[in-house]
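The values are calculated or read from the model by the stated rules, or taken from the named source; none is laboratory data. Since the model is a prediction, treat every value here as computed from it, not as a measurement. We place every Cβ from the backbone using ideal geometry, glycine too, and count neighbours over all the protein chains shown. For accessibility, only protein heavy atoms count, side chains too; no ligands or nucleic acids. Shrake-Rupley method; radii C 1.70, N 1.55, O 1.52, S 1.80 Å.
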Amino acid sequence: MKVGVVGASWFADLWYLPVLQMHQDVTIAAICSKTGESAEKMARKYGVEQVYTDYREMLEKENLDGICIVTPNDTHKDITLAAIRNGLHVICEKPMAMNVKEALEMEEVAKEGSVVHAINFTYREHPGIQKLKEILEEGLIGEVHNSYFEYSGDYGLNGPPGWRGTISKGGIGGVLQDLGSHIIDVAQYILQDEIIKVNGSLFFLENGNLVDFANKKTEDQAADSVSFLAQFNKGVRASFSTSWVTPQANKHQTIEIKLHGRNGSLHLLTCELGTSLQYAKVGEKWQEIELQGLAALQWDQPPSEEKFRPWRLTNKNEVWKWIDHITGKKESQLATFASGLSVQHVIDEVVNSRKK
């Protein structure tokens, strides 16, 4: 397969390019960035022959089979539509689009084009998430009634984090589009159900204080902290929290999930210090559940990316799975545009709820 990459950021370097280079069925044929400077740098690092500053020119000149879209949110729709209309398979960064209208158009065109399409919802393959889902399906804690989902970081404490912190390129939800899209997908994936009702609040860090949307002064600044209540189709209640202005010390990014069922509770905490998964039945002591392929949570050890996302350079990476689906190996489940659209509905309605 000849694959092109649009976007040459640090994340393309972290998550996409090394996996594409590792895959035995892939040649990275071309890479594109706005000025070409970062694309040139990545091309040298990964041995990519062709560099472009315009994705349309890349699509026209290169005989590609698939494309990876690792660009700001406001560009996802146009690049996706152009790629699919050229017959290319597509994997796109989350969130799928700027709004549901764009996401719907992307999904419709993808269906008509009969291409393999995916959204890079990375955390489905976290061993802790997989184990949590497995335990729920086995009925250890019984029917889930209440739940809590959090994905937080602190990389926005010194100001909006680049384009992600702008309404024009990232969307007004800001961190909701960035970290929130992941935790929404994880929640729906674990519970195998869709969110049908939300009630949310958006907050913006200004002069060291978090202010509500109604009191926001900066025009293009996206939300820095978002919380919302949700109800799933089968009745499960949930509270969600996502923020990039929550101090993390040396944990860096943190995912925390609590599930409370009829017969007990589950608690997952994962970060760059490791992962802990515990459960307790009603009236009994908490017990640690052993997780294969994950470092145990140790507060006195140094943080590392490998402790948080150890599957990054394996066949569990969504990019690798996307390639496998294209070449006919479909053993693993892929987060398709349908998943991206479902998450986009939730994002849009959390934002809309602040007006109501």
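Just wondering, is there one or more residues in region 318-326 that are modelled with pLDDT of 95 or more, of a type in the set (Lys, Arg) and under 21 Å from VAL186 (Cβ atoms)? Yes: one or more hits. Scanning region 89-111 for residues that are open to solvent by less than 10 Å² (accessible area, probe 1.4 Å) and either part of a helix (DSSP H, G or I) or without any contact (Cβ under 8 Å) to a residue 40 or more places away in the chain (or both) turns up VAL90, ALA103, MET106, ALA110.
A count restricted to region 221-239 and to residues that are in a loop (DSSP other than H, G, I, E, B), more than 19 Å from the chain's Cα centre (by Cα) and under 19 Å from ASP348 (Cβ atoms) stands at 1. Of everything in region 64-88 that is in a helix (DSSP H, G or I) and open to solvent by less than 20 Å² (accessible area, probe 1.4 Å), the residue that is farthest from THR166 (Cα to Cα) is ILE84.
The residue that is least open to solvent (accessible area, probe 1.4 Å), counting only those in region 266-293 that are over 27 Å from PRO303 (Cβ atoms) and assigned to a strand (DSSP E or B), is ALA280.
Scanning region 22-63 for residues that are touching a Gly at 6+ places or on another chain (Cβ under 8 Å), within 30 Å of ILE347 (Cβ to Cβ) and part of a loop (DSSP other than H, G, I, E, B) turns up just one, SER33.
Does VAL351 satisfy the criteria of being over 15 Å from the mean Cα position of the chain (by Cα), open to solvent by less than 30 Å² (accessible area, probe 1.4 Å) and modelled with pLDDT of 95 or more? So VAL351 fits the description; yes.
Condition check ((1) out of contact with any strand residue (DSSP E or B) (no Cβ under 8 Å at 6 or more places or on another chain); (2) closer than 21 Å to HIS260 by Cβ) across all residues:
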| site | (1), (2) |
| --- | --- |
| SER168 | yes, no |
| LEU179 | no, no |
| HIS182 | no, no |
| GLU194 | no, yes |
| ASN199 | no, yes |
| ASN207 | yes, no |
| ASP220 | no, no |
| SER239 | no, yes |
| THR246 | no, no |
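Scanning region 314-341 for residues that are open to solvent by 20 Å² or more (accessible area, probe 1.4 Å), touching a helix residue (DSSP H, G or I) at 6+ places or on another chain (Cβ under 9 Å) and among the acidic types (Asp, Glu) gives a single hit, GLU331. Which residues, taken from region 304-331, are free of Cβ contacts under 8 Å to residues at least 40 places away in the same chain and assigned to a loop (DSSP other than H, G, I, E, B)? Listed by number, the residues that qualify are SER304, THR314, ASN315, GLY328, LYS329, LYS330, GLU331. With respect to the conditions (1) open to solvent by 10 Å² or more (accessible area, probe 1.4 Å); (2) closer than 21 Å to ASN86 by Cα; (3) touching a strand residue (DSSP E or B) at 6+ places or on another chain (Cβ under 9 Å), GLN21 lacks only one, and its number is (2). For ASP54, are the conditions met, namely being in contact (Cβ under 8 Å) with a residue 24 or more places away in the chain and either surrounded by fewer than 21 Cβ atoms within 10 Å (Cβ to Cβ) or of a type in the set (S, T, N, Q) (or both)? When the stated conditions are applied, ASP54 does not pass them. Residues in region 219-265 that are open to solvent by 60 Å² or more (accessible area, probe 1.4 Å) and either modelled with pLDDT under 95 or within 26 Å of TRP299 (Cα to Cα) (or both): GLU219, PRO247, ALA249, ASN250, HIS252, LYS258, HIS260. Annotation note: Cβ proximity below 7 Å between a residue of region 34-45 that is under 12 Å from TRP10 (Cβ atoms) and a residue that is at pLDDT 95 or above and open to solvent by 40 Å² or more (accessible area, probe 1.4 Å) (sequence gap 6+ or interchain) occurs for SER38/SER9. Taken together, LYS131, LYS169 contain a single residue that is of a type in the set (Lys, Arg), part of a helix (DSSP H, G or I), open to solvent by 10 Å² or more (accessible area, probe 1.4 Å) and farther than 30 Å from ASN86 by Cα, which is LYS131.
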